[in-house]
Amino acid sequence: MKFVSNIGWIHKRPTELQIDILNVENLVIVIPLDSVRAVIAGSSLEESIFNNRREEIGTMYLSSNGGALYLDVYCGEEVTSYSTPIRLVKAVIDNSAQKPISQIIEERDSTNNMPRHDYYSALCRYLSISGSSIDIRSQLEVYRKAAIKLISGYREGNLSNINYDDLDIQTAYMLCYFPSYIENVFQTLSFVDLEQLRDVFEGHLMVSLYGCGPAPDFLGLLAYINRHFRGEVSTIDPYFFERGGWEKWRDFCIGELAQNYCDGISINPHHCSFNLLECDRVEYLKSFNPVMDSNLHIFQNCATELFQATRRVDSVLAIFLNFIEVMKPGSIILINDFIGKGDSFKILLKLKKKLLEMNDIVLLDVKYNADEYSPEVIRHPEVNSVIDGWYREARKEPRKRVGFSYCIAKKC
């Protein structure tokens, strides 16, 4: 059984619990408090749950071990299941706290994960970090202040005071966040039937990566090719579209890391100065030939950042739709984003709705729009111990699992 965390939030109302589900448009689950208490106490095996119009939409019951509350929501013949630990439900009821709920995904193959990869050893060599535990802690101390500032900014959802041109901030990002964003592209592509992708991953691959920073998404792409299309892709021309400032770390990514994720492929990188906010004009996009010529377009963590900059879902939608307009037939657009407060869901739900209305677009995963996994990064005990300490100083638990929203479509 597989879970996607933080897919919704549970709130207490005077006589009921209200659960806002983020990845389904306009889905609010309402459950009378008496029903919740009856199920938790074991005096009722099953109770009805309702939408915000008080229409019955499913059932609520305890897990087999009694430790979690399960909700089954029915839509025609489809059933979507959600779960949350009983201790969190009690915290909502007793203390009016806001707590998360998870979606259960039964049929996803959790064995189709990326192979284990040793990112931290390469990073330590690059940063000349070595020696005893005391030596390593001392060498990492120079990045502590920047790391706590970065983690705090992400926790609070306020990146306005984060200067990504600061080399210490960049290094802190490489230590604390980069490895958590390597696998998203691998995971998303793994959900798609290989036959839908075969014409893209053959011979020469031209891929555009937007707002990519140091390009962890490129490593995930390489690992996917290595797993499924090894020997079929001979050369890759990646176009890294970014405003600038991350060249040092993209060079590290391509020069030091890429060979560990997929060897035997010729990589010809291109760095393009680019501003996503100007992509609300089709003319701006058309001034970049690779945008119109690429086989694959990857946007990782762009939706939320664009929303933070514009504060309007429709403005972000317009940018993505402009890309789809100029994409060549047969090419694929892949968008993934961290779940965070759910802003990416608002955008991607509306985008999927638009795409379903378009005759020349096929969604490659209609059923789901979110997933979660435990990263396959091999831990470096001394380094990760220091990083975990930074997270706790910033009042945030170290990340053990990565959840993300996504949309993947192909132009006919």
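The values are calculated or read from the model by the stated rules, or taken from the named source; none is laboratory data. Please read these numbers as outputs of a predicted model, since none were measured by experiment. Every residue, glycine among them, receives a Cβ derived from its backbone with ideal geometry; neighbour counts consider all protein chains shown.
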> What are the residue pairs meeting all of these: first residue in segment 241-255, first residue in the same structural domain as Val291 (by TED's automatic domain parsing), second residue charged (D, E, K, R) and surrounded by fewer than 14 Cβ atoms within 10 Å (Cβ to Cβ), Cβ atoms under 9 Å, and 6 or more apart or on different chains?
Replying inline: Gly244/Asp165; Gly245/Asp165
> On the given criteria, is Ser180 of a type in the set (Gly, Ala, Ser), assigned to a helix (DSSP H, G or I) and either at pLDDT 95 or above or over 16 Å from Gly245 (Cα atoms) (or both)?
Replying inline: yes
> Which of (1) farther than 30 Å from Asn260 by Cα; (2) touching a Cys at 6+ places or on another chain (Cβ under 6 Å) is the odd one out, the single condition Ala147 does not satisfy?
Replying inline: (1)
> What strands (runs of 3 or more DSSP E), lying completely within segment 1-46, carry at least 3 residues that are free of Cβ contacts under 8 Å to residues at least 60 places away in the same chain?
Replying inline: 16-21, 28-32
> With respect to Asn112, is the statement that it is under 18 Å from the mean Cα position of the chain (by Cα), over 25 Å from Ala303 (Cα atoms) and not charged (D, E, K, R) true?
Replying inline: yes
> How about segment 185-300: which strands (runs of 3 or more DSSP E) wholly inside it have at least 3 residues that are under 30 Å from Val4 (Cβ atoms)?
Replying inline: 203-210, 233-242, 296-300
> Quick check: is even one residue across segment 194-201 in contact with an Asp or Glu (Cβ under 8 Å, 6 or more places away or on another chain) and in contact (Cβ under 8 Å) with a residue 40 or more places away in the chain?
Replying inline: no
> Can you name every residue in segment 386-400 that is surrounded by 13 or more Cβ atoms within 10 Å (Cβ to Cβ) and not in a helix (DSSP H, G or I)?
Replying inline: Ala394, Lys396, Pro398, Arg399
>> All but one of (1) farther than 23 Å from Asn275 by Cα; (2) surrounded by 15 or more Cβ atoms within 10 Å (Cβ to Cβ); (3) in contact with a strand residue (DSSP E or B) (Cβ under 8 Å, 6 or more places away or on another chain); (4) modelled with pLDDT of 95 or more hold for Pro329; state the number of the condition that does not hold.
In response: (2)
>> For segment 47-96, give me the residue count where each residue is closer than 23 Å to Asn26 by Cα and assigned to a helix (DSSP H, G or I).
In response: 2
>> Can you list residue pairs whose Cβ atoms sit under 7 Å apart, with the first residue in segment 359-373 being over 21 Å from Glu195 (Cβ atoms) and the second being among the small types (Gly, Ala, Ser)? Count only pairs 6 or more apart in sequence or on different chains.
In response: Asn369/Ser405; Ala370/Gly403; Ala370/Ser405; Glu372/Ser5; Glu372/Gly403
> Checking Gly153 against (1) surrounded by 12 or more Cβ atoms within 10 Å (Cβ to Cβ); (2) modelled with pLDDT of 95 or more; (3) among the small types (Gly, Ala, Ser), which test does it fail?
Replying inline: (2)
>> So, Ser64, is that one crowded, with 16+ Cβ neighbours inside 10 Å and more than 16 Å from Gln18 (Cβ to Cβ) or not?
In response: no
> Going by the conditions given, is Val30 in contact with a helix residue (DSSP H, G or I) (Cβ under 9 Å, 6 or more places away or on another chain) and of a type outside the set (D, E, K, R)?
Replying inline: no
>> For segment 341-361: of the residues being under 12 Å from Ser405 (Cβ atoms) and touching a strand residue (DSSP E or B) at 6+ places or on another chain (Cβ under 7 Å), which is surrounded by the most Cβ atoms within 10 Å (Cβ to Cβ)?
In response: Ser344
